[in-house]
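J.: Next up is a structure, given as structure tokens.
The values are calculated or read from the model by the stated rules, or taken from the named source; none is laboratory data. All values derive from a computational prediction rather than experimental measurement. Reconstructed Cβ throughout: ideal geometry from the backbone, glycine too, with neighbour counts over all protein chains shown.
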Amino acid sequence: MILNRITILNYKNLEQVELSFSPKLNCLFGRNGMGKTNLLDALYFLSFCKSAGNPVDSQNIRHEADFFMIQGFYEEENGELEEIYCGMKRRQKKQFKRNKKEYSRLADHIGFIPLVMVSPADQELILGGSEERRRFMDVVISQFDKAYLEALIRYNKALAQRNVLLKSDLPVDEELFSVWEEMMAQAGEVVFAKREAFIREFTPIFQDFYAYISQEHEAVTLTYESHARDTSLYEVIRQSRQRDQIMGFSLKGIHKDELVMQLGGYPLRREGSQGQNKTYLVALKLAQFDFLKRMGRTTPLLLLDDIFDKLDAHRVEQIVKLVAGKRFGQIFISDTNREHLDAILQKVESDYRIFKVEDGRVIEAEENRGETITEEDER
């Protein structure tokens with residue numbers, strides 16, 4: 001999938017942006033806070049029907065405006081053209097359309113434009129709670145497996161209903177509990193099986209990327225843990241009911257699954273340096289890209305937002321070699337350091353475009369493919 005053009009109105013600090021992109025590499029440069037990440041987030045919105053950074057849609061409208069609009073013009077690998085539109089007015093529901101036809105369910109759009117984003121916010125995968133790591137699995141699997149997404153939606157609905165019953169001050173009929181617990185178990189078993197299969201296939205790909213970037217200096221592992229392993233999920237949930245009623249929420253189920261991240265056999269959160277943590281995250285996301293490419297009908301978009309911070313020169317060089325090669329499709333990369341972008345551009349053999357981002361304005365730089373970037377350009 002290639003994004004040929006995008007039009008943005010009033011999205012975050014981007015008042016009015018209209019750009020055409022290279023089918024291979026697109027570089028965004030500018031100081032922090034100028035809007036580079038917001039531009040990448042607009043691309044993310046068109047894929048996932050939501051912002052990567054702020055789940056409250058209305059808060060993504062520019063402060064002085066009453067609405068935002070994002071419109072992307074894509075080209076499939078077979079040459080077919082696709083137009084994706086998203087718009088939202090304050091105090092109204094957002095609209096999402098494909099080729100001018102509105103979706104009845106946003107879930108139907110997920111996976112149509114596969115996308116992988118690497119950003120500083122990814123550190124929450126390591127430092128945050130288990131919900132961040134479950135979300136990572138959900139985002140990947142949902143993009144190529146609709147049955148997984150449907151099962152996850154059913155599970156979350158049943159979980160919410162069971163939690164309402166657990167909080168009730170009045171006696172609740174046993175059969176009512178059983179209805180929602182059975183739905184949780186049935187949908188949860190599907191989610192568990194697909195998560196387990198995914199991690200089993202995904203881990204070797206991730207380890208290969210980590211070994212390449214680190215030049216095999218460290219060994220990493222990724223282990224999936226779940227209440228659904230080796231026992232009946234329905235029995236686990238049912239037997240936990242009495243304790244759950246005391247707590248007021250469900251303590252057992254696939255909503256408590258965990259991904260254990262280790263470096264050299266020890267918890268990454270405790271043992272990893274900043275550079276090792278960053279390497280782990282970049283390897284995870286590049287493996288996500290590779291996995292989606294293998295499983296899907298089209299090559300995902302790859303968004304790299306300020307990924308070189310905290311990495312030593314050797315690891316930066318290894319990542320540059322990867323992204324500059326033919327393994328990836330269309331790439332969008334942002335950085336405050338022009339030297340990082342120069343290093344990539346010198347290795348790229350295909351077309352590229354460079355954009356300067358300043359105070360919410362995006363201007364295509366005048367450099368042609370193959371020319372170096374000067375200090376005067378940067379000023």
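J.: Please verify whether the range 45-59 includes one or more residues that are within 21 Å of Asp342 (Cα to Cα) and of a type outside the set (Gly, Ala, Ser).
T.: Applying the first criterion (within 21 Å of Asp342 (Cα to Cα)) to the range 45-59 yields none.
Checking the range 45-59: not a single residue is within 21 Å of Asp342 (Cα to Cα) and of a type outside the set (Gly, Ala, Ser).
J.: Could you check, for the range 283-292, whether at least one of its residues is in contact with an Asp or Glu (Cβ under 6 Å, 6 or more places away or on another chain) and aliphatic (A, V, I, L, M)?
T.: no
J.: One residue is enough: does the range 221-234 have a residue meeting the conditions among the acidic types (Asp, Glu) and within 30 Å of Val316 (Cα to Cα)?
T.: Within the range 221-234 (the criterion being among the acidic types (Asp, Glu) and within 30 Å of Val316 (Cα to Cα)), the answer is no, since none of the residues qualifies.
J.: With respect to Thr37, is the statement that it is among the β-branched types (Val, Ile, Thr), under 29 Å from Lys326 (Cβ atoms) and not in a loop (DSSP other than H, G, I, E, B) true?
T.: The answer is yes for Thr37.
J.: Here's another thing I want to ask about it. For the range 181-199, which residues satisfy the criterion of being touching a residue at least 60 places away in the same chain (Cβ under 8 Å) and of a type in the set (A, V, I, L, M)?
T.: First, pick out the residues of the range 181-199 that are touching a residue at least 60 places away in the same chain (Cβ under 8 Å): 181, 184, 188, 191-192, 195, 198-199.
Passing the criteria: Met184, Val191, Ile199.
J.: Restricting attention to the range 300-314, report how many residues are buried (at least 21 other Cβ atoms within 10 Å of the Cβ) and either farther than 25 Å from Ala52 by Cα or of a type outside the set (Asp, Glu) (or both).
T.: So the count comes out to 7.
J.: Counting only residues that are surrounded by fewer than 18 Cβ atoms within 10 Å (Cβ to Cβ) and in contact (Cβ under 8 Å) with a residue 40 or more places away in the chain, which one in the range 262-289 is nearest to Ile126 (Cα to Cα)?
T.: Within the range 262-289, the first condition is being surrounded by fewer than 18 Cβ atoms within 10 Å (Cβ to Cβ), and the residues that meet it are 264-267, 269-271, 273-275.
Filter once more, so that each one left must be in contact (Cβ under 8 Å) with a residue 40 or more places away in the chain: 264-265, 269, 275.
Numbers: Gly264: 15, Gly265: 15, Arg269: 6, Gly275: 13 Å.
Checked the range 262-289; the qualifying residue nearest to Ile126 (Cα to Cα) is Arg269.
J.: Same structure again: When the residues of the range 294-322 are narrowed to those that are in contact (Cβ under 8 Å) with a residue 40 or more places away in the chain and assigned to a helix (DSSP H, G or I), which ends up nearest to Asn38 (Cα to Cα)? Let's see the steps before the verdict.
T.: Quick first cut of the range 294-322, residues in contact (Cβ under 8 Å) with a residue 40 or more places away in the chain only: 295-296, 298-307, 309, 314-315, 318-319, 322.
Among the residues that remain, those that are also assigned to a helix (DSSP H, G or I) are: 295, 314-315, 318-319, 322.
Values: Met295: 29, His314: 29, Arg315: 26, Gln318: 27, Ile319: 23, Leu322: 25 Å.
Applying the filter and picking the extreme gives Ile319.
J.: Can I ask one more? Residues Leu222, Leu259: which one is of a type in the set (A, V, I, L, M, F, W, C) and closer than 30 Å to Leu166 by Cβ?
T.: That would be Leu259, the only listed residue that is of a type in the set (A, V, I, L, M, F, W, C) and closer than 30 Å to Leu166 by Cβ.
J.: Can you name the residue in the range 1-28 that is of a type outside the set (Gly, Ala, Ser) and in contact with an Asp or Glu (Cβ under 6 Å, 6 or more places away or on another chain) and, of all such residues, is nearest to Ser350 (Cα to Cα)?
T.: Selected residue: Lys24.
J.: Follow-up. Find the residue count for the range 100-139, including only residues that are assigned to a helix (DSSP H, G or I), of a type in the set (A, V, I, L, M, F, W, C) and closer than 17 Å to Phe289 by Cα.
T.: Total meeting the criteria: 4.
J.: Still on this structure, I have one more. Counting only residues that are among the acidic types (Asp, Glu) and in contact with a helix residue (DSSP H, G or I) (Cβ under 6 Å, 6 or more places away or on another chain), which one in the range 115-137 is nearest to Ile199 (Cα to Cα)?
T.: We begin by selecting, within the range 115-137, every residue among the acidic types (Asp, Glu); these are 122, 124, 131-132.
So of that shortlist, the ones also in contact with a helix residue (DSSP H, G or I) (Cβ under 6 Å, 6 or more places away or on another chain) come out as 122, 124, 132.
Working: Asp122: 18, Glu124: 19, Glu132: 15 Å.
Per the criteria, the residue is Glu132.
J.: Condition test on Ile199, is it touching a Phe, Trp or Tyr at 6+ places or on another chain (Cβ under 6 Å) and either of a type in the set (A, V, I, L, M) or at negative phi (or both)?
T.: Yes, satisfied.
J.: State yes or no: is Leu159 of a type in the set (A, V, I, L, M, F, W, C), exposed (fewer than 12 other Cβ atoms within 10 Å of the Cβ) and more than 19 Å from Leu125 (Cβ to Cβ)?
T.: no
J.: For the range 18-69, how many residues meet the condition of being within 26 Å of Ile354 (Cβ to Cβ) and without any contact (Cβ under 8 Å) to a residue 12 or more places away in the chain?
T.: Going through the range 18-69 one residue at a time, the tally reaches 2.
J.: If we keep just the residues of the range 252-261 that are touching a strand residue (DSSP E or B) at 6+ places or on another chain (Cβ under 9 Å) and hydrophobic (A, V, I, L, M, F, W, C), which is surrounded by the fewest Cβ atoms within 10 Å (Cβ to Cβ)?
T.: The qualifying residue surrounded by the fewest Cβ atoms within 10 Å (Cβ to Cβ) is Val260.
J.: Out of the residues in the range 334-344 meeting the condition of being crowded, with 21+ Cβ neighbours inside 10 Å and in a helix (DSSP H, G or I), tell me which one is modelled with the highest pLDDT.
T.: If we take residues in the range 334-344 being crowded, with 21+ Cβ neighbours inside 10 Å and in a helix (DSSP H, G or I), then Leu341 is modelled with the highest pLDDT.
J.: Okay, next question. Considering only the range 68-81, how many residues are farther than 16 Å from Gln330 by Cα and surrounded by 16 or more Cβ atoms within 10 Å (Cβ to Cβ)?
T.: So the answer is 4.
J.: On to the next question. Can you name the residue in the range 328-357 that is small (Gly, Ala, Ser) and over 22 Å from the mean Cα position of the chain (by Cα) and, of all such residues, is nearest to Asn4 (Cα to Cα)?
T.: Once the filter is applied, the top-ranked residue is Ser350.
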